[in-house]
Structures are given as C-alpha cells and as structure tokens.
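Trainee: Sharing a structure, written as structure tokens. Questions coming.
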Amino acid sequence: MNANLSSGLLALALLALLAAPAMADTVKPWQGARTVVKARHLAPAMRKGGDYWDKYTFNANLGEKGTFYFSLAIGDALSTDKKLDCKGRLTFEDKTYRWDNDFRESAWSQTSGDTSKITAGRASLESDGEKLTFRNETDGMIYEFDFTPIARPWRPKSGQIQFGADKNAYDVTLFPLMQVKGKVKLAGGEWTPVDGRGFGSHVWGDLAPYDMFRWSLEFRGLSGDYTVYLRELGTTGEFGQTRIPYLLITKGKDVLVESFDFQFAPTEVTTDEVHENKYKVPHSFTLIGKDAEDPTRQFRAVVKMKKQNKRKDYLEGLNVMTKGIAARFSKPVLYDYDTDFTFEVKTSTGLERIVQGVDLGRLEINWLNQ
C-alpha cells in the first residue's frame, strides 16, 4: 500500500476515534419483582440537588356534572429550592374554576407515614397508597373528592429506572382506574354529590427530564372496566439512546398483561416542519408482545390517530432571554391526540378484546431534544 495513503488512513482512523462519543453511561430499568404501592410512594421524594423534581397528575370525568384536573409539581431545576406549583381545573354545571398557585418551600407542608399528605394553601392531597382524597377551595367553590381503586395502583417492577454509576432515579407510580365520589359546594349554595371515574400518576426524578430522555410517548385507553397504559421512553445519548418501554393492561382489579419488551411499529409518522428540529411524531402504530411472566399470555393492538388536540411548543411565549437560556438545555414540544384503538389479549381462558367505545383513547408524544 502506498505509504502516504496508509498514513492518511491511519490519521483518519485516529480522528474518528477522537471524535467518537464517550462510552454511554449505564441505565437499568425496572429491576426486581413488582412492588406493592404504599403511602410512601405518594410522598414527595424530597431528594437533594438542584435537578430533583416531583410531579403529581390526576384527572376525572364526573359524567354530566363536569371534569376534574389536579396537578402538583415540586422542585426547581435551576436551584435547590423545593418550591411547589399547585394547579388544576374543575368544570361543574357549565362553570369552570381554575387555580395556579406557587408556594415557596416554607409555605407548603407534607407528612408521611401510614398516610401521606401534601398541603398547599387550601389545597391538599392525602393517601394511604390506595384511596386518595383531594380538597380545595377557590373563588368561593369547595370540593372534596375520594379516589378509590378499580384497578389497583401499580409500579413497573421496582418502579424505578436507575441512571449512571450514581444510580440517579426516575420513579413511577400509576393509578390506572379509580372510582371517584365526592361533593362540590358553590358560593352561597348547598353541597352537591358527584361521582365518576379517574386516573393519575406520581413521577419523580433525580435528574432533569431533558438529561434523561430525548422523547417520550404515552398512551392511555379506557373501555368499560378495561384499562391500557403504554409508555415508551428514549434516553439521551449519554445513556446510549436506549429504548425503555412498559405496558399495563387491566380488567377490573386484575392485571391481564404487564410487559417491558414488545414490538412497537409506527404506521403513520408526521414530521413537524415548523420546528427547527423537524421532530418525527408517530401518531398511529401497532403492537405485538407477551406478558413478562407468562409468555403464553399474548397481546396485539392497533392504535390510530382520530384527531390532533394540540401542539404545544413550551418555549413559545417566553421572553427572549428566558427562551435563550431554556433552549440551551431543551427544546420541548408536546403533541396530543385522540385515538381509536383495538387491543386483543390471548389468555388460557380465551380472548379478551378491548375496543374504543365512548371512553378515552389518548396519545401524548413529548420531544425534548433531537
């Protein structure tokens, strides 16, 4: 071989090695056996460090009376302050009540033990790991709601993904389907009983979401007493751009399927031509897989976009300085869809068929970075 050519190839090889990314750090999802949900899983993690965060999100359909949304977010990625943002919305008898209040670390409280309780102003969330109780008063309206399990609270195995040698955690607790009973009192009025069905989750992390994940996909389907919950997570390059999926299918209080490794095949993908990152959005897909413990228990599914509800660029509307700082870390966009769906689960007793009816089929895709 020509000496100059050989030297050139060697130089290119060395440059390629120098340019190659460092070996990806370890990521370990969902270790061990399924964990029974306790009150401690509802308590704020209150971890040390500026990137720690907690997020509680709950929704309910109150039939003809209205709808309910409740959210708590704890932590500040830009400081070590454990501030809390309490927000929500209650639609009731054609009226809508909203609240969005920030509390400094010293202005809200939490207790934990056999019962976990968070209090922020007049709003509170209390749980023993099974039943959850929500209370609040705003603009003369008072509500009290109890959420009790139809499908049992659930964690994917240990409920945690661990990132890197420091074992930074991402922790998940789900409430797939809840019976909702309670009462609402409007200013100057009497208490009105309400009932419906709801669901929710508590998630926390030691790292900022954009440091763990490039993207996430979440699907939730409700049909009668069936629930389907699907999550796909894609880690950052630091953690090998690893795909981390999990899926839960329940019937009443029984778990039909839990799976952590299945085939996900997009059938329709849209490119976000408006965004500089040209995010790819798989809004229709098929699934094929089997239960993690019982391989004879198999499932397949078709999920198809019905309509797009919204596209939300979280940086839009920020002032130039704030947007510039935030964009250095993440360029997040949310895509929200209503869907049609059909799931089939083959068990030893026959075929369970879960079909979109009047209930929910909702798909959310979050891109954090390309």
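The values are calculated or read from the model by the stated rules, or taken from the named source; none is laboratory data. Quick caveat: nothing in here was measured; it's all calculated off a predicted structure. Virtual Cβ from ideal backbone geometry, glycine too; neighbours counted across all protein chains shown.
Trainee: Restricting to the range 257-289, name every residue that is outside any strand (DSSP E or B) and either of a type outside the set (A, V, I, L, M) or within 20 Å of the chain's Cα centre (by Cα) (or both).
Mentor: Phe260, Asp261, Phe262, Asp272, Glu273, His275, Glu276, Asn277, Lys278, Tyr279
Trainee: Among the residues in the range 234-249, are any surrounded by fewer than 16 Cβ atoms within 10 Å (Cβ to Cβ) and aromatic (Phe, Trp, Tyr)?
Mentor: No, because not a single residue in the range 234-249 is surrounded by fewer than 16 Cβ atoms within 10 Å (Cβ to Cβ) and aromatic (Phe, Trp, Tyr).
Trainee: Kindly check whether there is at least one residue in the range 219-237 that is farther than 25 Å from Phe70 by Cβ and over 16 Å from the mean Cα position of the chain (by Cα).
Mentor: Yes.
Trainee: When the range 175-215 is examined, which residues are found to be assigned to a helix (DSSP H, G or I) and aromatic (Phe, Trp, Tyr)?
Mentor: Tyr210
Trainee: Would it be correct to say that Leu230 is in contact with a Pro (Cβ under 8 Å, 6 or more places away or on another chain) and buried (at least 22 other Cβ atoms within 10 Å of the Cβ)?
Mentor: In short, yes.
Trainee: Here is a further query. Quick check on my filter: what residues within the range 107-165 are farther than 20 Å from Gly205 by Cα, outside any strand (DSSP E or B) and hydroxyl-bearing (Ser, Thr, Tyr)?
Mentor: Hit for the range 107-165 is Thr115, nothing else.
Trainee: Name the pairs whose Cβ atoms lie under 8 Å apart, with the first residue in the range 204-227 and modelled with pLDDT under 95, the second surrounded by fewer than 19 Cβ atoms within 10 Å (Cβ to Cβ) and among the aromatic types (Phe, Trp, Tyr), and 6 or more positions between them or separate chains?
Mentor: The qualifying pairs are Ala208/Phe329; Tyr210/Phe329.
Trainee: Hey, another quick one. Looking at Thr96, Thr148, Thr111, can you tell me which residue is of a type in the set (Val, Ile, Thr), under 30 Å from Phe163 (Cα atoms) and not assigned by TED's automatic domain parsing to the domain that holds Asp359?
Mentor: Result: Thr111 is the single residue among Thr96, Thr148, Thr111 that is of a type in the set (Val, Ile, Thr), under 30 Å from Phe163 (Cα atoms) and not assigned by TED's automatic domain parsing to the domain that holds Asp359.
Trainee: OK, next. Quick one: which residue in Thr80, Thr35 is of a type in the set (Val, Ile, Thr), closer than 30 Å to Gly224 by Cα, touching a Gly at 6+ places or on another chain (Cβ under 6 Å) and modelled with pLDDT under 95?
Mentor: Thr35
Trainee: Taking the range 25-43 as the search range and keeping residues that are among the charged types (D, E, K, R) and either part of a loop (DSSP other than H, G, I, E, B) or touching a Phe, Trp or Tyr at 6+ places or on another chain (Cβ under 6 Å) (or both), which one is nearest to Ala120 (Cα to Cα)?
Mentor: Filtering the range 25-43 for residues that are among the charged types (D, E, K, R) and either part of a loop (DSSP other than H, G, I, E, B) or touching a Phe, Trp or Tyr at 6+ places or on another chain (Cβ under 6 Å) (or both), the one nearest to Ala120 (Cα to Cα) comes out as Lys38.
Trainee: Are there any pairs with C-beta distances below 6 angstrom linking a residue in the range 167-193 that is assigned by TED's automatic domain parsing to the domain that holds Tyr143 to a residue that is loosely packed, with under 14 Cβ neighbours inside 10 Å and outside any strand (DSSP E or B), with the two at least 6 apart or on different chains, and if so which?
Mentor: So the pair list comes out as Ala187/Gly140.
Trainee: Scan the range 271-307 for residues that are surrounded by fewer than 17 Cβ atoms within 10 Å (Cβ to Cβ) and of a type in the set (Ser, Thr, Tyr) and jot them down.
Mentor: Passing the criteria: Thr271, Thr286, Thr296.
Trainee: Further question: Need pairs with beta-carbon distance below 6 Å; first residue without any contact (Cβ under 8 Å) to a residue 60 or more places away in the chain and farther than 30 Å from Phe260 by Cβ and within the range 127-154, second part of a strand (DSSP E or B) and among the acidic types (Asp, Glu); sequence gap 6+ or separate chains.
Mentor: The qualifying pairs are Thr133/Glu126; Thr133/Asp146; Arg135/Glu144.
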